[in-house]
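Structure first, then comments.
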Amino acid sequence: ARQRLPEDFFEKMLAETSQAVDKDISSEHLWLGRHRVLVADGSSAQTPDTPSNRKQWGLPLGVKPGCGFPVVPFVGFFSLVTGMLKRIVIGKKGSHERTLFRQGWDVLERGDVILSDRGFCSYADLALLKARGVDVVMRLFNRKPDFRKGVRLGHDDHITVWEKPKARPRGMKVMEFRRLPQTLQVRELRVRPAVGGWRTQELVIVT
């Protein structure tokens, strides 16, 4: 019976249930009383090994037909307050998480904050989100911070300037890349969260 339900039915139900829960959110639930915080994360799921599924999503690298299952990539946006799934973007064969991430930005509003892991941390995404009035809190990716430079705010905490990369990100149009600013001011800070029973980690956060 579930297989006979149209896909847009699930999209509609997701939107309606999420909106219904949001009606009970007040300013006291928001960060600083005014900012929604949405958590973005990517994952994947297996599907039955059928010819149509292999054509749409493909098999993992190195797996022969009949020996594995097609893998569906997706990116979800969750409310940090309610835990509700606000938006899910399902990819196709060869889809990249960052491309799916950008396709889900229609759920964002000016003043929102995106919280995510380093998989979505790139110059282009930070610049594009800033232009939308959306702030980010992400783990730093593929950059080495030099806390001796920039405006120092504290130990391992500073404001610095990133320069626009020369290479255009995959999946971004040429004109869109050209419109990106030449520099971007960001804050980088090193944190060492300690959780009982777990080894203390060292993370560099960019915002």
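If I ask for residues that are of a type outside the set (Phe, Trp, Tyr) and surrounded by 17 or more Cβ atoms within 10 Å (Cβ to Cβ), which ones from the stretch 136-149 would you list? Before the answer, list the steps.
Kept after step one, since they are of a type outside the set (Phe, Trp, Tyr), are these residues of the stretch 136-149: 136-140, 142-146, 148-149.
Of everything in the stretch 136-149, those that are of a type outside the set (Phe, Trp, Tyr) and surrounded by 17 or more Cβ atoms within 10 Å (Cβ to Cβ) turn out to be Val136, Met138, Leu140, Pro145.
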Quiz item: So which residues in the stretch 112-167 are part of a loop (DSSP other than H, G, I, E, B), under 13 Å from Glu188 (Cβ atoms) and small (Gly, Ala, Ser), if there are any at all?
Solution: Gly150
Quiz prompt | Filter result for Arg118 (free of Cβ contacts under 8 Å to residues at least 40 places away in the same chain, open to solvent by 60 Å² or more (accessible area, probe 1.4 Å), closer than 27 Å to Phe77 by Cβ and of a type outside the set (A, V, I, L, M)) | solution = yes
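Restricting attention to the stretch 56-105, and to residues there that are basic (Lys, Arg) and outside any loop (DSSP other than H, G, I, E, B), which single residue is nearest to Ala127 (Cα to Cα)? If you could, list the steps in order and put the result at the bottom.
In the first step, residues of the stretch 56-105 are kept if they are basic (Lys, Arg); the result is 64, 86-87, 92-93, 98, 102.
Applying the additional criterion that residues be outside any loop (DSSP other than H, G, I, E, B) yields 86-87, 98, 102.
Numbers: Lys86: 23, Arg87: 22, Arg98: 14, Arg102: 12 Å.
Checked the stretch 56-105; the qualifying residue nearest to Ala127 (Cα to Cα) is Arg102.
Tell me, please, whether a residue that is modelled with pLDDT of 90 or more, closer than 26 Å to Gly119 by Cα and open to solvent by less than 80 Å² (accessible area, probe 1.4 Å) can be found in the stretch 63-71. Walk me through how you get there before you give the answer.
Taking the stretch 63-71 as the starting set, the residues that turn out to be modelled with pLDDT of 90 or more are 69-71.
From the residues that got through so far, the ones that are closer than 26 Å to Gly119 by Cα too are 69-71.
From what's left, open to solvent by less than 80 Å² (accessible area, probe 1.4 Å): 70-71.
So far as the stretch 63-71 goes, yes, one or more of its residues are modelled with pLDDT of 90 or more, closer than 26 Å to Gly119 by Cα and open to solvent by less than 80 Å² (accessible area, probe 1.4 Å).
The values are calculated or read from the model by the stated rules, or taken from the named source; none is laboratory data. All values reported here derive from a predicted model rather than from experimental measurement. Glycine also receives a Cβ, built like all others from the backbone with ideal geometry; neighbour counts cover every protein chain displayed. The accessibility values were calculated without ligands, DNA or RNA, using every heavy atom of the protein model including side chains. Shrake-Rupley method; radii C 1.70, N 1.55, O 1.52, S 1.80 Å.
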